[in-house]
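A short write-up of the structure that comes next.
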Amino acid sequence: MSKRIFLDGSFVEPQEARVSVFDHGFLYGDGVFEGIRAYGGRIFRLKAHVERLFSSAKTLMLEIPYTRAEMTELILEACRVNGLQDAYIRVVVSRGPGDLGLDPLKCPKPSVVIIADTITLYPEDLYRAGLKVCTSSIRRQRAEALNPQIKSLNYLNSILAKIEANQRGCQEVVMLSEEGFVAECSADNIFMVRGRKVITPAPHLGILLGITRDAVMEVARAKGYEVVETTFTRHELWNADEVFLTGTAAEIVSVVSIDERIVADGKPGPVATELQAAFRELAVRDGTPL
Ligand code: PXG
C-alpha cells in the first residue's frame, strides 16, 4: 500500500506530494530535517528529535508554522494514518517557494513534509560481519562555516565524503575535524572501546549531536562502562579494542576495518554487541506510543 504523506497541512497520496521547483530547499538546500524511528508502535526519542528540528530551524531563522506540540502530533499521525508500527520518519521543513535569488526574506511560507515509511540501511549480514570504513580526504566543515549541529538540507560535505567511500568500496567513511581529529561519519557518530571505556568525539569537534549517540552513552553508563567524550586521532581508532557507529538508521553497527587496519580480531566485539541488544531493548520500551 502506498504511504500517505503530510504536505503543508494535509495528508496526500504520494503522487500528489510535490513541492515547487522554486522552493529554496531545492534551489539552495535551505531547510532542515530529521530522521526518526518507530519501534513496535512507539516513536523513539520523539521529544529530542522535535527539539533538534526546532533548534536547527531557529539558527536558520526558519519559522516552523507549527508548535512543538503540533509537530509532535503530526509525526505520530503520519505513522497512524499509514498503519505503521515500525517506521522510518523523515520530517523536512524547507524555506518554501521564493524567487531565484537566495534571499530567504522572499520566501513567505515554509514547506513542511512528513514521510513515514520503512527502512533498512544495511543488510543483516553486515551487522554480523561488521563494516569496512576509510577516512575521507574531505574534512568535516568547521562550525564557523556551517555548524554540523544544524541538521540542514545541505549535506554536500557528507555526500562528498560518501562518494569517496563508494569509490574505495567502503560502507561508511570517517571524517576528521579541520585539525585532524576524529569527528564523525557521513551519517553516523563514531565510538571506540578501550577496556571498560566507551569513548566518542566531544561535541566541540564539530559533529551532529546524534540522538542515538545520546541513547548509547546512557545505555553504556547503565551497563557500568565509563563513557568519555574527548579528542583523539586515527592512531587511537586503529588500535582500539572495538569501533562502532551509531545513527537512527544504522542503530549500532560494528566497524572491523579502518583504512585497511583490522580492528582487534576483525569481528564485531562484545561491547558493541551488548550495547546493540540493550539499545534495541530500550527502543521498544522507551518511545512515545502512537
Ligand atoms: N552524524 C551525521 C552527520 C548524521 O547525519 C548522525 C550523525 C546520527 O544522528 P542520529 O540523531 O540519527 O543518531 C547523522 C544521522 C540515514 C540518514 O538515512 C541519517 C542522517 C542523515 C541522513 C540520512 O541514515 N543523519
Selection of GluC sites (Glu not before Pro), the stretch 21-109, meeting DSSP coil and at most 15 other Cβ within 10 Å: Glu63
Radius 13 Å from Cβ of Val219, net charge of other residues (Lys, Arg +1; Asp, Glu -1): 0
Relative contact order [Cα under 8 Å, 6+ residues apart], the stretch 28-103, whole percent: 50
q = 0.10, 0.16, 0.17 Å⁻¹, the chain: log10 I(q)/I(0) [Debye, one scatterer per Cα]: -0.55, -1.32, -1.43
Nearest-20 debye value, the stretch 124-288 charge dipole, Cβ charges on Lys, Arg, Asp, Glu: 60
At least 15 Å along the helix axis (C-alpha) and Kyte average at least 0.0, DSSP helices within the chain: 68-81, 156-167, 211-222, 270-286
Choice from Pro108, Pro203, Pro97 showing the highest fluctuation, given a GNM over the chain with Cα pairs closer than 10 Å: Pro108
Charge dipole magnitude, Cβ of K and R +1, D and E -1 - the chain, Cα centre, debye nearest 20: 220
Once the Cα gyration tensor of the stretch 1-49 is diagonalised, semi-axes √(5λ) in Å: 24, 18, 8
In nm, spacing of pseudo-spin labels at His235 and Arg18 (7 Å Cα→C-beta vector): 5.8
Candidate lysines - alpha carbon under 20 Å from Lys223, same-chain residues fewer than 8 apart omitted: Lys197
The stretch 72-184: radius of gyration and largest Cα-Cα distance (Dmax), Å: 18.2, 50
Members of Lys3/Lys132; Lys58/Lys162; Lys47/Lys162 lying beyond 31 Å, as alpha-carbon distances in this model show: Lys3/Lys132
Charge dipole magnitude, Cβ of K and R +1, D and E -1 - the stretch 244-290, Cα centre, debye nearest 20: 100
Cleavage-rule hits, GluC sites (Glu not before Pro), the stretch 98-166, DSSP coil, Cβ neighbours within 10 Å at most 10: Glu144
Charge dipole (the stretch 91-212, unit charges on Cβ, about Cα centre) - positive-most of Val133, Ser158, Gly195: Gly195
In range of the label at Glu281: residues from the stretch 202-219 whose backbone nitrogen is under 20 Å from the point 7 Å along Cα→Cβ: 212-219
Relative contact order, percent, the chain [alpha-carbon distance under 8 Å, six or more residues apart]: 20
Helix-only [θ]222 nm of the chain, DSSP H runs n ≥ 4, -39500 (n - 2.57) each, per residue, nearest 500: -9000 deg cm²/dmol
Summed side-chain charge close to Asp241 - residues other than Asp241 whose Cβ falls under 14 Å, Lys, Arg +1, Asp, Glu -1: 0
Alpha-carbon Rg with Dmax, taken over the stretch 124-288, Å: 14.7, 41
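All of the numbers you see were taken from the coordinates with simple rules; none came from a lab. Since we're looking at a predicted model, the values are computed, not measured. Cβ sites come from the backbone with ideal geometry, for glycine too, and all protein chains shown count toward neighbours.
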